[in-house]
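The values are calculated or read from the model by the stated rules, or taken from the named source; none is laboratory data. These numbers come from a predicted model, not from an experiment. FYI the Cβ positions are ideal-geometry reconstructions off the backbone, even for glycines, and counts take in every protein chain you see.
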Amino acid sequence: MVDLVWFQLLSAVLFVIGLYGVMARRSAVLIVMSIELMLNAVNINLIAAASHMEGTGKFTDFDGQLIAIFIITVAAAEVGLALAIILRMFRNKSTVNVNEINLMKW
Amino acid sequence: MAWFVFILLAVLTIGGALGVVVSRNVVHAALSLLVSLIAVAGVYLVLFAEFLALVQVLIYGGAIIIVLMFAVMLTRNADYPRITDNKQWPLAALAAIAFLGVIAPSFIYDRVENTQSQNASFTGIGESLFTTWAVPFEIASLVLLIAVIGAIIIARSDEEES
């Protein structure tokens, strides 16, 4: 039986890797991929908490899994919109390098 | 046995994630992301969340990777090999490790007492989704609809707009 803390540490490491990707990458597509990693880290945390704390009174049944389902839904919507925005960006500036998208930069 | 499977899946998850943030080739990064996402589906199986594992493989492993591959394909140009990391990457690594240094001890020192992990049945999830969580479920469908309409409006070409 694997303790809850190991799942939490796995999700923390995954989240931090995604955070590094968002901050360090320059291609918009790679930034979206890193955001997916962060969403997955949150999902691991929620599902681990749901399955380990069931019946302790801290969670009603399945709540963590249901929130994870909603996160997956939002992630799907987010990737679709991100594709549209990246395509528009590429058409207007013919680059996906976020350092060159500085039209609104002060 | 559970430990062995968990360690294997954790290594695959973190290895894939590192591949996403380190790889210089965007297609390789997408394939590393696929490895990571499938390994996360395995982690859900270790946690007895079969439905979520199924959803993870279908939506992340299928749909989202395909959409990301489309994004890579449709924005292909000469500067993909050059696009790698920002100049600020050491700072980003420092900030990320500092964040890990905050959240990892908080998980370790504030442990939750361990109970046996249980199997959440498909019927239980369905009942809960359509009773307690019915309103968020409807809102989620609205979010998807709006996202699809918004994506179409943003991505359509200029000639069609007039």
**Report entry** Residues (under 23 Å from the mean Cα position of the chain (by Cα), of a type in the set (A, V, I, L, M) and modelled with pLDDT of 90 or more) located in the stretch B:120-148
**Finding:** B:Ile139, B:Ala140, B:Leu142, B:Val143, B:Leu144, B:Leu145, B:Ile146, B:Ala147, B:Val148
Report task. Could you run through the stretch B:37-79 and say how many residues are buried (at least 19 other Cβ atoms within 10 Å of the Cβ), closer than 22 Å to B:Arg24 by Cα and facing another protein chain (nearest Cβ under 7 Å)? Result -> 6
Query - Exclusive hit being surrounded by fewer than 23 Cβ atoms within 10 Å (Cβ to Cβ) and among the aliphatic types (A, V, I, L, M), set A:Val74, A:Val96, A:Val32 - result: A:Val74
Requested in this report: Any residue in the stretch B:133-155 that's within 7 Å of another protein chain (Cβ to nearest Cβ): show its pairings with residues that are among the hydroxyl-bearing types (Ser, Thr, Tyr) and in a helix (DSSP H, G or I) at Cβ separation under 9 Å, as long as the two are six or more apart or on different chains.
Outcome: B:Ala140/A:Thr73; B:Val143/A:Thr73; B:Leu144/A:Thr73
Requested in this report: Sort through A:Leu14, A:Leu9, A:Leu4 and tell me the only one that's within 7 Å of chain B (Cβ to nearest Cβ) and in contact with a His (Cβ under 8 Å, 6 or more places away or on another chain).
Outcome: A:Leu4
Requested in this report: Considering only residues that are part of a loop (DSSP other than H, G, I, E, B) and more than 7 Å from chain B (Cβ to nearest Cβ), look in the stretch A:75-106 and name the one that is nearest to A:Val29 (Cα to Cα).
Outcome: A:Ile101
Query raised in the report: Here are some conditions: (1) facing chain A (nearest Cβ under 7 Å); (2) modelled with pLDDT under 90; (3) assigned to a helix (DSSP H, G or I). B:Ser117 meets all but one. Which one does it not meet?
Result: (3)
Requested in this report: Could you tell me whether the stretch A:47-64 includes any residue that is within 17 Å of B:Leu37 (Cβ to Cβ) and either crowded, with 18+ Cβ neighbours inside 10 Å or at the interface with chain B (Cβ under 8 Å from one of its Cβ atoms) (or both)?
Outcome: yes
Query raised in the report: If you go through the stretch B:1-29 one residue at a time, how many are within 7 Å of chain A (Cβ to nearest Cβ) and in contact (Cβ under 8 Å) with a residue 24 or more places away in the chain?
Result: 5
Report task. Could you tell me whether any residue of the stretch B:65-80 is closer than 29 Å to B:Phe4 by Cβ and outside any loop (DSSP other than H, G, I, E, B)? Result -> yes
